[in-house]
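Asks: Got a structure here, written out as structure tokens. Questions coming.
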Amino acid sequence: MKNLIKVISYIGLGLTLVPAFLVFVGNIDLDSNKMLMLFGTIIWFVTAPIWMNKTE
């Protein structure tokens, strides 16, 4: 379960970083960038605290 949450949070982090590069090279427009980054930020901030800085 913890590994699944890690994967989901890394996907959210990717959705936060990758769209900026896609806009830079001209593959997506600015509105799509904003939407993808919003979803990525929400996913990251919801899932990352569940597994980060926890002792095992």
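Each value in this text was obtained by applying a stated rule to the coordinates, not by laboratory testing. Remember, predicted model here, so these are calculated numbers, not experimental data.
Asks: Between residue 21 and residue 50, what length comes free when the chain is fully extended (0.36 nm per residue of separation minus the Cα-Cα distance, one decimal in nm)?
Replies: 7.6 nm
Asks: Now for a different question. To the nearest 10 degrees, how steeply does helix 2-25 sit against the main Cα axis of the chain, on a 0 to 90 scale?
Replies: 20
Asks: Hull surface divided by four, with the convex hull built on the Cα atoms of segment 2-47: how many nm²?
Replies: Here the figure is 2.8 nm², rounded to one decimal.
Asks: What number, in percent, do you get for the relative contact order of the chain if the mean sequence gap of Cα pairs under 8 Å and at least 6 apart is divided by its residue count?
Replies: Dividing the mean separation by the residue count of the chain yields 50 percent.
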